[in-house]
């Protein structure tokens, strides 16, 4: 059996409330989600499954046969493993938002930036990112304890 990337994408998308993804075409959105998943894979080193054993997605434009190939892991991931990957994707999605606001802050004077709600928004996003980092670490520790503890 295998686990489709789309299963993890759906978990991720159900956790975020950001309509900006709707501004992209389906192909662009898939590229964004794929990039976030690749980052998440590098962070989830403790996974007992081989996350590098996978089939990368191929669009009909890139395919020699004109066939779309959906990305998938060749091993079947548990719901917990999928959730950890989706949560890590959320962290990287949030990082992108924080970095965009930090770039905005650099372009504005301190006074102008503080007058807008952007400064408060950046502060809240930074705190949220720290909390999310703790949650990811806790999830991975719990996963490791229960997975390797059962061996």
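The values are calculated or read from the model by the stated rules, or taken from the named source; none is laboratory data. Keep in mind that this is a model prediction, so the values were computed, not measured. Neighbour counts run over all protein chains shown; Cβ positions are idealised from the backbone, glycine included.
In region 47-63, the residue that is surrounded by the most Cβ atoms within 10 Å (Cβ to Cβ) out of those that are within 25 Å of residue 26 (Cβ to Cβ) and within 19 Å of the chain's Cα centre (by Cα) is 51. Right, residue 65: more than 30 Å from residue 140 (Cα to Cα) and either in contact with a helix residue (DSSP H, G or I) (Cβ under 8 Å, 6 or more places away or on another chain) or free of Cβ contacts under 8 Å to residues at least 40 places away in the same chain (or both) or not? Against the criterion (more than 30 Å from residue 140 (Cα to Cα) and either in contact with a helix residue (DSSP H, G or I) (Cβ under 8 Å, 6 or more places away or on another chain) or free of Cβ contacts under 8 Å to residues at least 40 places away in the same chain (or both)), residue 65 qualifies.
Here's the yes/no breakdown for (1) assigned to a loop (DSSP other than H, G, I, E, B); (2) modelled with pLDDT of 95 or more:
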residue	(1), (2)
39	no, yes
50	yes, yes
62	yes, no
66	yes, no
85	no, yes
92	no, no
99	no, no
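Within region 17-46, if we keep just the residues that are surrounded by 15 or more Cβ atoms within 10 Å (Cβ to Cβ) and in contact (Cβ under 8 Å) with a residue 60 or more places away in the chain, the residue that is nearest to residue 140 (Cα to Cα) turns out to be 44. Considering 20, 14, 2, the condition of being under 16 Å from the mean Cα position of the chain (by Cα) and modelled with pLDDT of 90 or more is satisfied by 14 alone.
Scanning for something farther than 28 Å from residue 18 by Cα, over 16 Å from the mean Cα position of the chain (by Cα), modelled with pLDDT of 90 or more and surrounded by fewer than 15 Cβ atoms within 10 Å (Cβ to Cβ), does region 115-138 turn up at least one residue? Looking for residues that are farther than 28 Å from residue 18 by Cα, over 16 Å from the mean Cα position of the chain (by Cα), modelled with pLDDT of 90 or more and surrounded by fewer than 15 Cβ atoms within 10 Å (Cβ to Cβ), one finds none in region 115-138, hence no. All of 75, 80 fail the test of being at pLDDT 95 or above and either under 21 Å from residue 13 (Cα atoms) or part of a helix (DSSP H, G or I) (or both), apart from 80.
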